[in-house]
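Let me begin by presenting the structure, written as structure tokens, before commenting on it.
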Amino acid sequence: MAQYEPGQRWISDSEAELGLGTVLMLDGRMLTVLYPATGETRQYALRNAPLTRVRFSPGDEITHFEGWKLTVQEVEDVDGLLVYHGLNAQHESVTLPETQLSNFIQFRLASDRLFAGQIDPLPWFALRYHTLDYTSRQLQSSLWGLGGVRAQPIAHQLHIAREVADRIAPRVLLADEVGLGKTIEAGLVIHRQLLSGRANRVLILVPENLQHQWLVEMRRRFNLDVALFDEERFIESDASNPFEDCQLALVALEWLCEDEKAQDALFAAGWDLLVVDEAHHLVWHPEHASDEYALVEQLAGVIPGVLLLTATPEQLGQDSHFARLRLLDPNRFHDLAAFRAESANYKPIAEAVQELLDKGRLSDAAHQTIHNFLGNDGEALLGAVSDGDIQASARLVRELLDRHGTGRLLFRNTRAAVQGFPDRELHPYPLASPDEYMELPIGEHADLYPEVSYQAQPDVDEEQRWWKFDPRVEWLIDTLKMLKKFKVLVICAHAETAMDLEDALRVRKGIPASVFHEGMSILERDRAAAYFADEEFGAQVLICSEIGSEGRNFQFAHHLVLFDLPAHPDLLEQRIGRLDRIGQKHRIQLHVPYLENSPQERLFQWYHQALNAFLATCPTGNALQHQFGSRLLPLLESGDEGEWRALVDEATPSACALRASCTRAATACWNSTPAVLEKAKRW
């Protein structure tokens with residue numbers, strides 16, 4: 001047992017940061033030590049106190065508590081206390097008792113601890129060694145940054161996250177179809193980039209209505225401390241640049257475009273990775289770009305890594321898709337006309353590669369197609385593929401990935417290639433159109449949203465509200481009664497309609513409903529969504545305007561009422577995608593009321609009979625809208641029934657052919673579906 005005397009200097013083996021301790025007293029089997037550097041006192045059992053005696057040797061330099069230093073020449077033991085004799089900085093002989101040593105001496109270097117005799121037991125070394133070994137293995141794991149997410153791991157999400165996050169400064173468009181988890185993929189990429197050190201500062205730009213949802217997702221699923229920035233936080237910050245106070249910033253794009261001072265601070269802060277959600281809202285035309293697009297373009301020009309998220313990259317046409325791609329690679333996508341011309345050749349190349357993946361060989365026609373695309377550069381590879389060289393087939397696939405179309409910029413998983421989605425059931429409800437709508441002025445009674453036109457008339461007062469006579473309202477009340485045990489999501493096109501429906505349910509039948517529209521603040525929207533999500537005390541029904549069809553996840557419900565229909569099929573898929581998502585455990589029930597002999601009925605027929613957009617996803621909706629749009633709109637409003645049937649009959653086979661083509665393309669390698677890439681890896 002060590003011999004302790006008051007005044008001796010010891011250091012704690014387990015708390016070396018406390019500095020030098022001074023033995024105060026021995027009381028039976030207890031030892032009391034004061035650590036003057038921190039003002040703390042510790043009591044230890046005399047038998048196994050985790051302490052090491054501080055004893056310096058000749059040649060060591062030690063410090064007096066007043067700050068002067070002494071080089072030790074001789075050490076003397078006087079009644080259990082050490083006295084050091086040596087020379088100071090002026091080479092004068094001085095004496096320094098150990099009781100007067102500086103309290104801030106710490107042994108941080110291994111050599112210092114060794115020479116001071118502060119040696120740990122061997123089991124401690126083994127523990128530290130194994131800890132470092134396990135940490136090293138964890139850092140080298142292929143799942144580092146991917147395995148910690150609080151979500152069920154899904155193959156296509158993990159594949160995309162690893163493929164993108166392992167790049168230095170990735171610049172990609174994540175364009176998975178609705179419900180496939182783009183936010184999870186983006187979070188995985190951010191998480192892995194941060195943990196691997198490829199990125200340290202991340203800027204996330206989202207629509208204002210999705211700001212809090214992103215905040216919750218990043219913190220709950222990835223344990224990322226994201227700072228939410230708005231005008232109030234920016235103004236109240238004491239920092240010279242508020243954005244430099246955090247590593248991960250979540251900013252509403254709308255506010256940022258309006259505040260030039262915030263923009264200047266944002267550019268000055270410096271970022272490694274930019275993430276933009278709902279990127280299809282960035283409007284661009286060859287002659288003009290929106291403020292949002294211009295801002296993101298400037299940021300993308302100075303930030304190395306860029307992730308753009310959108311489920312509908314071509315919702316506004318091929319020009320819109322090109323606009324997204326030029327943000328990622330302005331050198332590759334510099335000319336819209338050239339992009340259009342190149343896009344015309346996508347299909348034959350895709351079919352040729354699909355033939356190679358499926359059959360392991362190329363037909364003469366497919367061989368010629370790829371030869372025409374690659375030119376003489378690919379002749380050697382094609383020859384090796386013809387000879388049955390599996391490695392050459394893999395190299396050919398990679399070569400086409402880098403050269404063809406959007407290459408490694410675009411990642412789009414489709415429901416056709418990913419399993420785990422529920423079936424859909426359609427319940428149409430044709431209802432007689434009321435006289436009040438039929439009496440609207442010509443052009444307004446033939447409207448997809450007659451309630452808006454009716455309420456906008458100057459002679460309509462509060463006593464003549466449209467919901468008092470519209471049969472869809474009575475139908476909705478009856479339907480909610482039948483579904484009283486279930487949560488029901490109602491989506492309509494306009495905020496005014498949503499608010500009127502909430503009034504109608506409350507006034508007529510006292511049905512508790514929550515409303516969600518663009519006129520509400522972010523906090524009010526989040527409260528409405530939370531009230532709807534509450535299983536025990538929440539509202540049975542949530543009534544949303546079109547803003548509720550983007551970004552929100554309501555998969556705890558499986559009944560969706562489409563009170564009216566959107567004008568674009570991609571918006572219809574966005575609506576259904578609020579419920580029809582991976583993880584949905586029930587069959588989706590779609591309830592569609594519409595007024596007979598009206599544009600509503602014709603639009604329902606167009607979506608159901610021509611596009612089959614209710615029962616299956618419709619990746620061809622945008623293309624068909626462009627192909628038949630000029631004829632569709634006049635026929636919706638006041639077309640001849642024969643002409644209308646002819647249009648539907650003409651569009652149906654086109655839709656089937658395009659859908660089949662998209663399904664085949666969904667497994668093409670440049671769309672990065674896991675199944676195809678696994679084939680390539682096996683090669």
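The values are calculated or read from the model by the stated rules, or taken from the named source; none is laboratory data. Computed from a prediction, not measured in an experiment: that's the story for all the values here. Counting neighbours? That spans all protein chains shown, and the Cβs are built from the backbone with ideal geometry, glycine included. Side chains are part of the model used for accessible areas, which takes the heavy atoms of the whole protein and leaves out ligands, DNA and RNA. Shrake-Rupley method; radii C 1.70, N 1.55, O 1.52, S 1.80 Å.
The figures follow:
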quantity	calculated
Accessible-area value, residue 135, 1.4 Å probe, nucleic acids and ligands omitted, Å²	60
Projected label distance in nm at residue 45 and residue 27, using a 7 Å step from Cα toward the beta-carbon	1.8
All Cα pairs of the range 448-563, percent lying beyond 18 Å	48
Rounded tilt (10° steps) of 495-509 against the dominant C-alpha axis of the chain	80
Paired Rg and Dmax values of the chain, which use every Cα atom, in angstrom	34.9, 117
Per residue accessible area of the chain, 1.4 Å probe, in Å²	47
Long-range amide H partners of residue 563 with built H, under 5 Å	491
Protection-proxy order for peptides 181-193, 23-35, each taking the mean of Cβ atoms within 10 Å per residue, highest first	181-193, 23-35
Global geometry of the range 166-303, whether rounded, prolate or oblate, following the gyration tensor of its Cα atoms and the 1.5 cut on a/c	rounded
Estimated FRET transfer efficiency when R0 is 51 angstrom, pair residue 99-residue 220 (beta carbons, to 0.05)	0.40
Share antiparallel - DSSP beta bridges, the chain, percent rounded to 5	45
Gyration tensor (alpha-carbon) shape descriptor, the range 125-244, a/c threshold 1.5	oblate
Inter-centroid distance (Cα atoms) of the range 225-277 relative to the range 120-146, Å	37
Of 182/485; 481/585; 487/585; 487/509; 484/509; 182/359, pairs whose Cα-Cα distance is over 20 Å	182/485; 481/585; 182/359
Angle in degrees between helix 182-196 and the longest Cα principal axis of the chain, rounded to the nearest 10	20
Two-site FRET efficiency, residue 507 against residue 483, from Cβ-Cβ distance with R₀ of 25 Å, rounded to 0.05	0.80
Mean separation of Cα contacts under 8 Å (6+ apart) over length of the range 5-62, as relative contact order %	30
Rounded percent of accessible protein surface that carbon and sulfur make up, the chain, 1.4 Å probe	51
The range 513-621, Rg to Rh (Cα coordinates; Rh as Kirkwood inverse mean 1/r)	0.98
Highest-first arrangement of 596-608, 202-214, 147-159, where packing means the average Cβ count within 10 Å	202-214, 596-608, 147-159
Rounded if a/c under 1.5, otherwise prolate or oblate - the range 323-378, Cα gyration tensor axes	prolate
Packing-based order for 473-480, 489-496, using average beta carbon neighbours within 10 Å, highest first	489-496, 473-480
Residues residue 137 and residue 79, FRET efficiency given R0 of 45 Å [Cβ-Cβ distance, rounded to 0.05]	0.25
Binned Cα-Cα distances of the range 6-111, short to long, each 10 Å bin given as a whole percent	14, 46, 31, 8, 1
Debye equation applied to the C-alpha atoms of the range 438-512, log10 I(q)/I(0) at 0.12 Å⁻¹	-0.36
Counted charge near residue 71, where neighbours are those whose Cβ lies closer than 12 Å (Asp, Glu -1; Lys, Arg +1)	-3
Potential extension, residue 384-residue 646 segment - 0.36 nm per residue separation minus Cα distance	89.3 nm
Helix 522-533 axis, angle to the chain major axis (alpha carbon atoms, nearest 10°)	80
Residue-averaged [θ]222 nm for the chain, counting only DSSP H segments that reach four residues, each worth -39500 (n - 2.57)	-12500 deg cm²/dmol
The chain, relative contact order [Cα under 8 Å, separation at least 6], %	11
